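Engineer: Got a structure for you, questions after.
The values are calculated or read from the model by the stated rules, or taken from the named source; none is laboratory data. Please read all numbers here as calculations on a predicted model, not as lab measurements. FYI the Cβ positions are ideal-geometry reconstructions off the backbone, even for glycines, and counts take in every protein chain you see.
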Amino acid sequence: MLTVRAPATSANLGSGFDVFGVALSHPADVVRVERADRTTIEVTGAGSQYIPEDPEKNTVGAVAEALDAPARIKIDKGIRPASGLGSSAASAAAAAVALNELYDRGKTRKELVPIAAKGEAVVSGDAHDDNVAPSILGGFTIATPDGVTQVDASVPLVACLPEIVVSTRDARRVVPTETSVDQLVETVGNAATLTTGMHRDDPELIGRGMEDTVVTPARAKLIDGYSEVRQAALDAGSTGVTISGAGPAILAVCPEHDRKHVASAMLDAFEAEGVDARAYQTRIGQGATVHHP
Ligand SMILES: Nc1ncnc2c1ncn2[C@@H]1O[C@H](COP(=O)(O)OP(=O)(O)O)[C@@H](O)[C@H]1O
Ligand SMILES: N[C@@H](CCOP(=O)(O)O)C(=O)O
């Protein structure tokens, strides 16, 4: 079977709602495919009991359909669903890369992004590209309706995932529908600062650019302990903290030497709020990788 590993991702990064995303070096989903007359899906691993195997309801089914590539698909979940770590997107990204290869469809990685995004539309109602783009391309990505811009980056991160479930669909319902010009100006400044930070692998600039007063405060209410965990990470040396994707995972950027300390401070803060959590000490990493038999 042809095997593809596609990484977890963190979308938005505060100031880049529905636009920015980064690939994480871990965790990841692993998808195995072989040709078949019709698509079947088998799911194992983290949270697999909550993931439908019906091709109409699983993100990989829409990808197989879009590539006209029926297959026997096995998904080994390394990323828990409804995590804010692009779980549903990682499967879709892996399937897009795998089926393109299996059926020799000849699509470029960039051309696979909107195809994988069709899988996201199945679960969240919107075909946003901000998770599938970094999962396929790696690094830091800027996804706009005109296409995707990718920058290689390598910056230490902590992704702290509490035992809370927030579905992307629900978290999209609380996004404000209006914003002020002051907030628009602030957001442009922060997004530009963050982008420059990615080019320089500079945790300080990235952390500053992650500030957001529009979407993040509305969504923070869905995550028990968000303010406490954020403050604990900042006190431990993080240069910026925000909600990862639609949550509930919380993303902290930091210098390498502070990462361990930041991770344990975030876990302690969740524990003090009575919330179990796990922390991934990770970094911005590469996109999906293909493993031939
Ligand atoms: N291959 C898949 N991997 C993970 N979740 C999937 C998959 N296919 C469908 N889903 C559904 O998608 C939802 C999780 O997606 P989403 O809310 O976007 O969370 P995440 O931020 O983790 O991607 C769950 O309802 C899950 O059952
Ligand atoms: N831009 C989307 C990203 C959702 O990411 P996920 O990892 O929570 O699926 C949003 O913020 O709604």
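Engineer: Being assigned to a helix (DSSP H, G or I) and assigned by TED's automatic domain parsing to the domain that holds THR168, is that true of even one residue in region 241-251?
Structural biologist: no
Engineer: Looking only at residues in region 146-178 that are in contact with a helix residue (DSSP H, G or I) (Cβ under 8 Å, 6 or more places away or on another chain) and farther than 30 Å from MET266 by Cα, which one is nearest to ligand 1 (Cβ to nearest atom)?
Structural biologist: VAL148
Engineer: Please work out which one of (1) under 11 Å from the mean Cα position of the chain (by Cα); (2) part of a helix (DSSP H, G or I) is the condition ASP129 fails and give its number.
Structural biologist: (2)
Engineer: Now a separate question. Could you go through region 33-48 and let me know if any residue there is more than 30 Å from GLY189 (Cα to Cα), surrounded by fewer than 24 Cβ atoms within 10 Å (Cβ to Cβ), in contact with a strand residue (DSSP E or B) (Cβ under 9 Å, 6 or more places away or on another chain) and touching a residue at least 60 places away in the same chain (Cβ under 8 Å).
Structural biologist: yes
Engineer: Can you tell me which residue among PRO176, PRO134 is under 30 Å from GLY225 (Cβ atoms), within 14 Å of ligand 2 (Cβ to nearest atom) and assigned by TED's automatic domain parsing to the domain that holds ALA62?
Structural biologist: Answer to the check: PRO134.
Engineer: Right, another one. Please find, within region 168-188, the residue that is surrounded by the most Cβ atoms within 10 Å (Cβ to Cβ) out of those that are assigned to a helix (DSSP H, G or I) and over 23 Å from the mean Cα position of the chain (by Cα).
Structural biologist: Selected residue: GLU186.
Engineer: Let me ask something else about it. Return the residues of region 27-57 that are among the basic types (Lys, Arg), part of a strand (DSSP E or B) and under 30 Å from LEU251 (Cα atoms); say none if nothing qualifies.
Structural biologist: Within region 27-57, just ARG32 meets the criteria.
Engineer: Follow-up question, since we're still on this one. State which residue pairs qualify: first residue on the phi > 0 side of the Ramachandran plot and inside region 221-239, second residue surrounded by 23 or more Cβ atoms within 10 Å (Cβ to Cβ) and assigned to a helix (DSSP H, G or I) in any location, beta carbons under 8 Å apart, and separation of 6 or more residues or different chains.
Structural biologist: Short answer, once both residue conditions are applied: GLY225/ALA269; GLY225/PHE270; GLY237/VAL262.
Engineer: Pick out the one residue from ALA192, ALA265, ALA233 that is crowded, with 23+ Cβ neighbours inside 10 Å, out of contact with any strand residue (DSSP E or B) (no Cβ under 8 Å at 6 or more places or on another chain) and not assigned by TED's automatic domain parsing to the domain that holds LEU24.
Structural biologist: ALA265
Engineer: Looking at region 103-114, is at least one residue crowded, with 17+ Cβ neighbours inside 10 Å and within 16 Å of ligand 2 (Cβ to nearest atom)?
Structural biologist: yes
Engineer: Does GLY21 meet the test of being away from ligand 1 (no atom under 11 Å from the Cβ), in a loop (DSSP other than H, G, I, E, B) and of a type outside the set (Asp, Glu)?
Structural biologist: In short, no.
Engineer: Name the residues in region 86-111 that are more than 16 Å from ligand 1 (Cβ to nearest atom) and assigned to a helix (DSSP H, G or I), would you?
Structural biologist: ASN100, GLU101, LEU102, ARG109, LYS110, GLU111
Engineer: Moving to a separate point now. What residue, among those in region 206-252 that are closer than 22 Å to GLU163 by Cα and acidic (Asp, Glu), is nearest to ligand 1 (Cβ to nearest atom)?
Structural biologist: Per the stated criteria, the residue is ASP224.
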